[in-house]
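For reference, the structure discussed in these notes is given below.
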Amino acid sequence: MVPQLKRVAHPFGVTVISSGGFDSTTERHRFAAGLADHDRPTEVLDIGDHDPSGAHKFLAMMEDIQAFTRELGGEVTFTRLAVTPAQITQYGLEAAPPKATDKRAFRGRTCQAEALAPDVLASILREAIEARIDGRAYARVLARERRVRRDLLNRLRE
């Protein structure tokens, strides 16, 4: 899923990473330190399974990284993009009851992020990013990049 999401996010300069590396406190602290070094507020857009494990992982990661980032002088917020209960209904996703052996608090039916069609997931991410950027500033940056690229190509041809 990460390569697909990178293709969507890369043109906007947005980094995509797998949360699989954030199981340890050390990794969460390292990530928070990087966010604090940005010297600007950061929003983490999360895509994960809608199940006890996914919900628990999201909340634990969010709480730890926010605390570490704040302690280091930074600011970070988290937003869950997918999978949400509304998306399960909206897209008619296959859902199942939580596993009887999982005793963590969780309401509703469970659903894996992979249940979202790739184009739907890409659209959710693209729309979330576009809603958070200044469209005019982004257009100016792209226009400037085109000018710089054209100038470099002209210099190479000389």
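Tabulated values for the structure
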read-out: Residue count, the stretch 27-66 (criterion: free of Cβ contacts under 8 Å to residues at least 12 places away in the same chain, of a type in the set (Gly, Ala, Ser) and more than 30 Å from Ala115 (Cα to Cα)); value: 1
read-out: Given (1) assigned to a loop (DSSP other than H, G, I, E, B); (2) of a type in the set (A, V, I, L, M); (3) surrounded by 10 or more Cβ atoms within 10 Å (Cβ to Cβ), index of the condition Ile124 fails; value: (1)
read-out: Residues of the stretch 33-46 satisfying the condition of being over 12 Å from Phe78 (Cβ atoms) and in a helix (DSSP H, G or I); value: Ala33, Gly34, Ala36, Asp37
read-out: Residue within the stretch 82-99 that is outside any helix (DSSP H, G or I), among the hydroxyl-bearing types (Ser, Thr, Tyr) and exposed (fewer than 13 other Cβ atoms within 10 Å of the Cβ) present; value: no
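Here is a yes/no grid of residues against (1) within 24 Å of Ala9 (Cβ to Cβ); (2) modelled with pLDDT of 95 or more; (3) surrounded by 10 or more Cβ atoms within 10 Å (Cβ to Cβ):
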| position | (1), (2), (3) |
| --- | --- |
| Arg40 | yes, no, no |
| Glu43 | yes, yes, yes |
| Thr77 | yes, yes, yes |
| Arg80 | yes, yes, yes |
| Thr101 | no, no, no |
| Arg136 | yes, no, no |
| Val141 | yes, no, yes |
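The values are calculated or read from the model by the stated rules, or taken from the named source; none is laboratory data. Because the structure is predicted, anything quoted here is derived from the model rather than measured. Heads up, the Cβs are rebuilt from the backbone with ideal geometry, glycines too, and the neighbour counts pull from every protein chain shown.
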